[in-house]
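Trainee: Shown below is the structure under consideration.
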Amino acid sequence: MSPWKRFWKSGDPFIWLTGGALAFSLLMVAGLVLLVLASGMGFFWPADVVRLTLTDGTVVMGELAQREAIPQPGAPAGTPPRYRIQVKQGNRDLTGADFIWVEEARIAKREFPPEAVVVERREWGNLYGVIALVKEGERVAAEGPQAGWEALQARLPQAERTFREIRRIEKKEIGAINHAQEKVRLRLRSLELRGVTAGPEVDRLRQEAAAWEARYREQEAALAALRQAPEASVLIAAAGGREKDLPLSQVVRAYRPNA
């Protein structure tokens, strides 16, 4: 028997093939993990905020999302390529769109201002701009990007605690009271359907309903006090001369990626 046939009959080639396939599979898994990590890092590592001044004086601020070549059908051979960039400008309540395309040829100036701030909101997505001032109720607590940033950071924890307390009362306290009141109402209705409209059980249930109503009024008063307390807010100067006065209760977090 030839050495080649003995080699195949020994089973060694299949062992090597299996090992190679396993190694290839592990490399593919490792590559996939690296791809997921590379794609996901953008969610954990804040992107720089760019301020673009266009040739017509328009100002755009936000995060660079992507860059692509502009199709030029019918262009003669040798025509230089043209590119455009997509900017995540946020400020959806001010601009009506989260993203905007900008042709690179229209960009007169690119800046990465250290005072640029990104505010993650509970509604309407990110807000991009520069802090103009911070207010405590109607009183101006700080003005300017740096003083405003320090005042904002000092007040955000209290605003978060107040927001969580309001949500706790709404969801837990008042929610539990409403559930208990509904159970009492259903028991009273059940007695009524059986023709029982008076007696010890009815009196007890009515007293229980009154007690739950009193607790509901207490929680409503606590909720009203939290909502009516003077609330801090931040005035953000967005691109294009627009401004947004934002209560801190609507802020999830704020950061300055360029600083």
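Where a number appears in this text, it was derived from the coordinates with a stated rule and is not lab data. Please read all numbers here as calculations on a predicted model, not as lab measurements. As a convention, Cβ positions derive from the backbone with ideal geometry for all residues, glycine included, and neighbour counts pool all protein chains shown.
Trainee: Of 133, 246, 65, which is farthest on the positive side of the dipole of the chain, counting Cα position, with +1 on Lys and Arg Cβ, -1 on Asp and Glu Cβ, and the Cα centre as origin?
Mentor: 65
Trainee: At 7 Å along Cα-to-Cβ for each site, give me the label-to-label distance between residue 164 and residue 189 in nm.
Mentor: The modelled label-to-label distance comes out at 3.7 nm.
Trainee: Tally Lys and Arg at +1 and Asp and Glu at -1 over the other residues with C-beta under 14 Å from the C-beta of residue 194: what net charge comes out?
Mentor: Net local charge, residue 194 excluded: 0.
Trainee: Next question, about the same structure. Provide the per-residue ³J(HN,Hα) series for segment 114-122, in order, calculated from phi with Karplus coefficients 6.51, -1.76, 1.60 and θ = phi - 60°, each as a whole number of Hz, with x at glycine and proline positions.
Mentor: Per residue, the Karplus-derived 3J(HN,Hα) values read x, 8, 4, 10, 10, 10, 7, 10, 6 Hz.
Trainee: Continuing with this model, one more query. Compute the acute angle (0 to 90°) between the alpha-carbon long axis of helix 200-228 and the principal axis of greatest extent of the alpha-carbon atoms of the chain; round to the nearest 10°.
Mentor: Helix 200-228 sits roughly 50 degrees off the main axis of the chain.
Trainee: Report, by chain and number, residues whose modeled amide H sits under 5 Å from the one on residue 82, excluding near sequence neighbours (fewer than 5 apart, same chain).
Mentor: Residues meeting the criterion, in which the H sits 1.01 Å from N, are 70.
Trainee: What distance in nm separates the simple spin-label points at residue 176 and residue 15, each placed 7 Å from Cα in the Cβ direction?
Mentor: Roughly 6.7 nm, to one decimal.
Trainee: What residues have an amide H closer than 5 Å to that of residue 141, excluding those fewer than 5 places away on the same chain, when H is modeled at 1.01 Å from N in the peptide plane?
Mentor: Amide H to amide H, under 5 Å and 5 or more residues apart or across chains, residue 141 pairs with 134, 135, 136.
Trainee: Taking K and R as +1 and D and E as -1, what net charge do the other residues with C-beta under 13 Å from the C-beta of residue 62 add up to? Don't skip to the end; give the middle numbers.
Mentor: Values: positive: 51, 88, 92, 110; negative: 48, 63, 98, 111.
Neighbourhood net charge equals 0.
Trainee: Compare the peptides 16-24, 173-181 by average per-residue count of other Cβ atoms within 10 angstrom and give them in order, highest first.
Mentor: Sorting 16-24, 173-181 by mean packing, highest first, produces 173-181, 16-24.
Trainee: A follow-up question, please. Most exposed first by the Cβ proxy, i.e. fewest other Cβ within 10 Å, how do 61, 28 rank?
Mentor: Fewest-to-most ranking of 61, 28: 28, 61.
Trainee: Which whole-Hz ³J(HN,Hα) couplings does segment 101-106 yield from phi under the Karplus relation 6.51 cos²θ - 1.76 cosθ + 1.60, θ = phi - 60°, glycine and proline marked x?
Mentor: Per residue, the Karplus-derived 3J(HN,Hα) values read 8, 10, 6, 4, 5, 8 Hz.
Trainee: Additional query: Obtain the nm distance between the two label points defined at residue 77 and residue 24 by a simple spin-label model: each point lies 7 Å from its Cα along the Cα-to-C-beta direction.
Mentor: My value for the distance between the label points is 4.1 nm.
Trainee: May I pose another question? Going by C-beta contacts inside 10 Å, put 249, 233, 25 in order with the fewest on the left.
Mentor: 25, 249, 233
Trainee: Continuing with this model, one more query. Rounded to the nearest 0.05, what FRET efficiency do residue 36 and residue 197 have when you use their Cβ-Cβ distance and R0 = 51 Å? Please report the intermediate quantities before stating the final value.
Mentor: Working: r = 66 Å, r/R0 = 1.29.
Taking R0 as 51 Å, the efficiency between residue 36 and residue 197 is 0.20.
Trainee: Take the Cβ-Cβ distance between residue 206 and residue 154 as r, set R0 to 45 Å, and report the resulting FRET efficiency rounded to the nearest 0.05.
Mentor: According to the calculation, E is roughly 0.35.
Trainee: Any idea what the dipole of the chain comes to, in debye rounded to 20, about its Cα centre with Lys/Arg Cβ at +1 and Asp/Glu Cβ at -1?
Mentor: Value, rounded to 20: 980 debye.
Trainee: Quick one: 3J(HN,Hα) in Hz for segment 26-31, Karplus 6.51/-1.76/1.60 with θ = phi - 60°, rounded, Gly and Pro as x.
Mentor: Result, rounded to whole Hz: 5, 5, 5, 4, 4, x.
Trainee: Considering the values (1) 31.7, 106; (2) 19.0, 55; (3) 19.2, 62, which represents Rg and Dmax of the Cα atoms in Å as calculated for the structure under consideration?
Mentor: Correct label is (1).
Trainee: A further question follows. What is the Cα centroid distance between segment 102-120 and segment 155-192, reported in whole angstrom?
Mentor: 45 Å
Trainee: Pick out, from 180, 101, 17, the residue whose Cα sits farthest towards the positive end of the charge dipole of the chain, with +1 on the Cβ of Lys and Arg and -1 on the Cβ of Asp and Glu.
Mentor: Checked the options; the winner is 17.
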